[in-house]
Ligand code: KIV
Ligand code: NA
């Protein structure tokens, strides 16, 4: 299996071959995504909630995201690796955006970075691309700024709102983004925008018209116990068997059924005699 390249994504869109993206946040989840044959792995700032326990994506830091991205890099061979720039790490200036993006590429091994919103993010995207770093845009529901867009709700439910989303999407494309994420956009609005965009669009809660889909690792595997949005399909319920396994271990320890002889190391008899005097 060859490594996925940016050219592959363009070809996939041209051939209407769906692009598969999933998040991963550490070495084992990266290895699982790779073995499953996905095209793009996103170290999403959803890590803030799924693996770091924050109650939104706002507080996660660059250093936290760099550590997770580096771990994913070590577990990944074939998929393209995209890392989210955390809230506050790119909004201040083009210089700040480029400097942060460079750390994800050079220090953590990401192939590309993702930033949220239109508006000032369009200029930030242009600056990062000009520095030679591929950028993925993200429009619709943008969790980093949920507070200023009316909370965690679908975006583009009216024609006027849909136009705003489209203008951001097109501006990000024209700024040089190689792909876009559409999050929580009514299917009708997403479908109307698709023929007007040239770059691949990966949807999450944006219906079937996008060029690909993305889901959060812990959501699709049924590990995360927080709020589950409408667009999530759970392909497994791993939280319950994980709890059951740890509980079985606890029970074994408490009832002296673990460890058994096969879990023990042995000392040669002569050494044991010396030890015992
Ligand atoms: O952080 C994340 O997981 C994301 C995806 C939902 C697109 O941004
Ligand atoms: Na994100």
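The values are calculated or read from the model by the stated rules, or taken from the named source; none is laboratory data. Quantities reported herein were computed from a predicted structural model and do not represent experimental measurements. Here the Cβ positions follow ideal geometry from the backbone for every residue, glycine too, while neighbour counts run over all protein chains shown.
Quickly run through the stretch 175-189 and pick out the residues that are within 25 Å of residue 5 (Cα to Cα), buried (at least 24 other Cβ atoms within 10 Å of the Cβ) and either free of Cβ contacts under 8 Å to residues at least 40 places away in the same chain or more than 15 Å from the chain's Cα centre (by Cα) (or both).
177, the sole residue that qualifies.
For the stretch 213-277, which helices (runs of 4 or more DSSP H) that fit wholly inside it have 2 or more residues that are outside the structural domain of residue 12 (by TED's automatic domain parsing)? Walk me through it before giving the result.
Values: elements: 217-220, 239-254, 269-276.
Passing ranges, in order: 239-254, 269-276.
Out of all the residues in the stretch 17-54, which are free of Cβ contacts under 8 Å to residues at least 24 places away in the same chain and assigned to a loop (DSSP other than H, G, I, E, B)?
17, 36, 52, 53, 54, listed by residue number.
Against the definition (surrounded by 22 or more Cβ atoms within 10 Å (Cβ to Cβ) and either within 18 Å of residue 181 (Cα to Cα) or within 12 Å of the chain's Cα centre (by Cα) (or both)), how does residue 83 come out, yes or no? It would help to see each step written out before you state the result.
Details: surrounded by 22 or more Cβ atoms within 10 Å (Cβ to Cβ): yes; either within 18 Å of residue 181 (Cα to Cα) or within 12 Å of the chain's Cα centre (by Cα) (or both): yes.
When the stated conditions are applied, residue 83 passes them.
In the stretch 44-72, which residue that is within 12 Å of ligand 2 (Cβ to nearest atom) and out of contact with any strand residue (DSSP E or B) (no Cβ under 9 Å at 6 or more places or on another chain) is nearest to residue 228 (Cα to Cα)?
49
Count, please, the residues in the stretch 1-60 that happen to be farther than 30 Å from residue 196 by Cα and within 17 Å of the chain's Cα centre (by Cα).
Number of matching residues: 27.
Can you tell me which residue among 80, 68, 42 is more than 27 Å from residue 175 (Cα to Cα) and either in contact with a helix residue (DSSP H, G or I) (Cβ under 6 Å, 6 or more places away or on another chain) or modelled with pLDDT of 95 or more (or both)?
Residue meeting the stated conditions: 68.
Could you tell me how many of the residues in the stretch 55-73 are assigned to a loop (DSSP other than H, G, I, E, B) and surrounded by 18 or more Cβ atoms within 10 Å (Cβ to Cβ)?
Here the count works out to 2.
Yes/no per residue for (1) outside any helix (DSSP H, G or I); (2) under 18 Å from residue 112 (Cβ atoms):
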residue: 148; (1), (2): no, no
residue: 153; (1), (2): yes, no
residue: 156; (1), (2): yes, no
residue: 172; (1), (2): no, yes
residue: 189; (1), (2): no, no
residue: 194; (1), (2): no, no
residue: 198; (1), (2): yes, yes
residue: 209; (1), (2): yes, no
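Go through the residues of the stretch 184-199 one by one and say whether even a single one is more than 16 Å from ligand 2 (Cβ to nearest atom) and within 23 Å of residue 36 (Cα to Cα).
no
Could you check the stretch 117-146 and list, in sequence order, the residues that are in a helix (DSSP H, G or I) and out of contact with any strand residue (DSSP E or B) (no Cβ under 7 Å at 6 or more places or on another chain)?
Within the stretch 117-146, 120, 121, 122, 123, 124, 126, 127, 130, 143, 144, 145, 146 meet the criteria.
Report yes if some residue within the stretch 84-92 is over 18 Å from residue 232 (Cα atoms), within 16 Å of ligand 1 (Cβ to nearest atom) and assigned to a strand (DSSP E or B); otherwise report no.
The answer is yes, given that some residue of the stretch 84-92 is over 18 Å from residue 232 (Cα atoms), within 16 Å of ligand 1 (Cβ to nearest atom) and assigned to a strand (DSSP E or B).
Across the stretch 220-230, which residue is nearest to ligand 2 (Cβ to nearest atom) among those that are out of contact with any helix residue (DSSP H, G or I) (no Cβ under 8 Å at 6 or more places or on another chain) and at pLDDT 95 or above?
Among those that are out of contact with any helix residue (DSSP H, G or I) (no Cβ under 8 Å at 6 or more places or on another chain) and at pLDDT 95 or above, it is 220.
Of the residues 123, 95, which single one is closer than 24 Å to residue 201 by Cα, more than 16 Å from the chain's Cα centre (by Cα) and away from ligand 1 (no atom under 16 Å from the Cβ)?
From the options 123, 95, the qualifying one is 123.
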